[in-house]
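Okay, so here's the structure we're looking at.
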Amino acid sequence: MTELGTISFGLLIIFAAVGGAAVLTWFERRLLGVWQDRYGPNRLGPFGVLQVAADMLKLLTKHDWVPPFADRLVFVFAPTAIVVAMLLGFAVVPFGPDLYVLDINIGLLFFLGMTSLAVYSVLLGGLASNNKYALLGGLRSAAQMVSYEVFMGLSLMGVVMLTGSFSMRDIVEAQRDVWYCVPQVLGLFTFMIAGIAESHRLPFDLPEAEHELTAGFHTEYGGMKFAMFMLGEYLGLILICCMITTLFFGGWLGPVLPPVVWFCLKVFALICFFVLLRAAIPRPRYDQLMSLGWKIMLPLTLFNLLLTGAIALWMEG
Amino acid sequence: MFKALMSQVRTIWTILQHSFTRAETVQYPEQKPYLAPRYRGRIVLTKDPDGEERCVACNLCAVACPVDCIALQQGVKEDGRWYPEFFRINFSRCIMCGMCEEACPTNAIQLTPDFEMCEYNRSSMVYEKEHLQIEGTGKYHDYNFYRVAGLAITGKDKGQAENEATPIDVKSLLP
């Protein structure tokens, strides 16, 4: 692609991702409604889809308020960090054989780095709010991220081992025969759990746990700054689903339909699954979350790594 | 550990099955729920089968009302009947508990299944007698207080009510 083409495609991705995240707020509520035997927002426009516009208008017209006791600079900066980090993460996602912004030979590491950066947003948001609930939320998120980041990276090493490359395109190309969800089923399982924890979605939304911490790290946020946090969270969800698709479900590969359609279908199905998890599974206690991360998921990941390495060596030898 | 995992999987499966169950929601303004006749909603004052107002302004409803939202004043008609000169219910205070209906000795005050009484002004929630009074008998079709009560009114003396014996003159020696 030419430079101009790359830039315009990048802009397209940004708009598509932000738009997708906005629509997802409505879609998730409708889907949750289906699974909880109710309707969800269905009044505004066809199927209630204009709810998105209404929510946006409401958030835009809200008083943009910074509490006097907050650390003003960090308070304003924090919500942008998560959105920027998540949007940068989209740069390495290959949407099709030639549809990507960036194909670097460390694509996977770039993605891991960007999701890690998003933690700062939550952490700083909680810290700068100068509020005990927000601080507790930030504290929790820091511990959760540290614990789950460890095996998030490790769970992907099986994929890297089988492909022999960190480049996302190579990883997809290597799945022509069989998707990595079959040989790397343990990796998929652990990565998915780490992904939910990373995007702090519902079973692992302890940083915001509204029943315990009012709203956790974004207790003091309102208006567009709050919207940025929500946007970042939904972007994170889409990004994780894109990554799972790319790494374990063969990315754009698929018969008949064009590659991009296949990619979007897979991502869509995964998003539905994540919403299902939200509808079904209750939030664990904080110490349960920690012990699950360190005592079960980390050994499981290491075992998977060992097994994959042994099998890879055996196949070669 | 494995058991716990299977429990989570079973939960997910159960929730997934709910994709095919109907929503429980009643889409209210378009779709009205069924309300039983004894539902406790807007309060009305009823009339007896003869078309006279039932309320005798005894004030029992006002006493029974836990939020003191009923105000009335008793008056006496020429024929000896009692009636409320004014009867006022402040519905912005009313909690629809139905105590007034239970307290009423003449079945005059009754609660109806209508609850859609929103107003833009608080003062519009204060209902006067002409707003409360309805033409019908409400839930009790045959009851007429003056026909069963011993009170004497024009056209009905003591002892003429239903199941009422003629009064005995205790100062007379005659059998």
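At-a-glance table
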{"item": "Residue satisfying all of: in region B:121-169; closer than 21 Å to B:Lys47 by Cβ and among the hydroxyl-bearing types (Ser, Thr, Tyr); farthest from the chain's Cα centre (by Cα) among these", "result": "B:Thr154"}
{"item": "Given (1) within 11 Å of another protein chain (Cβ to nearest Cβ); (2) in contact with a helix residue (DSSP H, G or I) (Cβ under 6 Å, 6 or more places away or on another chain); (3) within 14 Å of A:Tyr148 (Cα to Cα), number of the condition A:Ile296 does not satisfy", "result": "(2)"}
{"item": "Boolean, B:Glu30 is at the interface with chain A (Cβ under 7 Å from one of its Cβ atoms) and farther than 23 Å from B:Cys65 by Cβ", "result": "no"}
{"item": "Of residues in region A:97-121 being in contact with an Asp or Glu (Cβ under 9 Å, 6 or more places away or on another chain) and within 15 Å of A:Val84 (Cβ to Cβ), the one surrounded by the fewest Cβ atoms within 10 Å (Cβ to Cβ)", "result": "A:Ser116"}
{"item": "Residue among B:Arg38, B:Arg81, B:Arg22 that alone is among the basic types (Lys, Arg) and in contact with a helix residue (DSSP H, G or I) (Cβ under 9 Å, 6 or more places away or on another chain)", "result": "B:Arg81"}
{"item": "A:Gly187 vs. criteria of a type outside the set (A, V, I, L, M, F, W, C), touching a residue at least 60 places away in the same chain (Cβ under 8 Å), surrounded by 24 or more Cβ atoms within 10 Å (Cβ to Cβ) and out of contact with any strand residue (DSSP E or B) (no Cβ under 7 Å at 6 or more places or on another chain)", "result": "yes"}
{"item": "Filter result for B:Gln17 (part of a loop (DSSP other than H, G, I, E, B), over 25 Å from B:Arg122 (Cβ atoms) and within 14 Å of chain A (Cβ to nearest Cβ))", "result": "no"}
{"item": "Test: residue in region A:35-42 that is more than 14 Å from chain B (Cβ to nearest Cβ), in contact (Cβ under 8 Å) with a residue 60 or more places away in the chain and in contact with a helix residue (DSSP H, G or I) (Cβ under 8 Å, 6 or more places away or on another chain)", "result": "no"}
{"item": "Out of B:Asn107, B:Asn90, sole residue that is polar (S, T, N, Q), touching a strand residue (DSSP E or B) at 6+ places or on another chain (Cβ under 8 Å) and either under 30 Å from A:Pro203 (Cβ atoms) or more than 14 Å from chain A (Cβ to nearest Cβ) (or both)", "result": "B:Asn90"}
{"item": "Yes/no for B:Ala4 being within 14 Å of chain A (Cβ to nearest Cβ), more than 16 Å from B:Ala108 (Cα to Cα) and either of a type in the set (S, T, N, Q) or assigned to a helix (DSSP H, G or I) (or both)", "result": "yes"}
{"item": "Among (1) surrounded by 17 or more Cβ atoms within 10 Å (Cβ to Cβ); (2) not in a helix (DSSP H, G or I), the one test that A:Ile82 misses", "result": "(2)"}
{"item": "In region B:67-89, the residues that are within 15 Å of the chain's Cα centre (by Cα) and under 30 Å from B:Lys158 (Cβ atoms)", "result": "B:Phe87"}
{"item": "Residues of region B:105-149 satisfying the condition of being touching a Gly at 6+ places or on another chain (Cβ under 9 Å) and either at positive phi or assigned to a loop (DSSP other than H, G, I, E, B) (or both)", "result": "B:Asn107, B:Ala108, B:Thr112, B:Pro113, B:Asp114, B:Phe115, B:Glu116, B:Met117, B:Glu135"}
{"item": "Qualifying residue in region A:63-72 (condition: within 14 Å of chain B (Cβ to nearest Cβ), loosely packed, with under 15 Cβ neighbours inside 10 Å, farther than 30 Å from A:Glu173 by Cα and more than 25 Å from the chain's Cα centre (by Cα))", "result": "no"}
{"item": "Odd one out for A:Gly222, checked against (1) under 27 Å from A:Ile296 (Cα atoms); (2) touching a residue at least 40 places away in the same chain (Cβ under 8 Å); (3) out of contact with any Cys (no Cβ under 9 Å at 6 or more places or on another chain)", "result": "(1)"}
{"item": "Selected residue (criterion: nearest to A:Thr308 (Cα to Cα)) from residues of region A:190-212 that are charged (D, E, K, R) and either free of Cβ contacts under 8 Å to residues at least 24 places away in the same chain or in a helix (DSSP H, G or I) (or both)", "result": "A:Glu198"}
{"item": "Test: residue in region A:234-249 that is crowded, with 18+ Cβ neighbours inside 10 Å and not in a helix (DSSP H, G or I)", "result": "yes"}
{"item": "Pair list, Cβ < 9 Å and 6+ apart or interchain, from region B:1-24 residues that are basic (Lys, Arg) to residues that are surrounded by 11 or more Cβ atoms within 10 Å (Cβ to Cβ)", "result": "B:Arg22/A:Asp37"}
{"item": "Scan of region A:270-284 for residues that are surrounded by fewer than 18 Cβ atoms within 10 Å (Cβ to Cβ) and away from chain B (no Cβ under 13 Å), ordered by number", "result": "none"}
{"item": "Matching entry among A:Tyr148, A:Tyr180 (being part of a loop (DSSP other than H, G, I, E, B) and either crowded, with 22+ Cβ neighbours inside 10 Å or at positive phi (or both))", "result": "A:Tyr180"}
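Results for (1) in contact with a helix residue (DSSP H, G or I) (Cβ under 9 Å, 6 or more places away or on another chain); (2) within 30 Å of A:Leu73 (Cβ to Cβ), shown as yes or no for each residue.
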| residue | (1), (2) |
| --- | --- |
| A:Phe166 | yes, no |
| A:Ala174 | yes, no |
| A:Val178 | no, no |
| A:Phe189 | yes, no |
| A:Ile193 | yes, no |
| A:Glu210 | yes, yes |
| A:Gly251 | yes, no |
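No lab work stands behind these numbers, since they all come straight from the coordinates. Just so you know, these numbers come straight off a predicted model, no measurement behind them. Cβ coordinates were reconstructed from backbone atoms using ideal geometry, including for glycine residues, and neighbour counts include every protein chain displayed.
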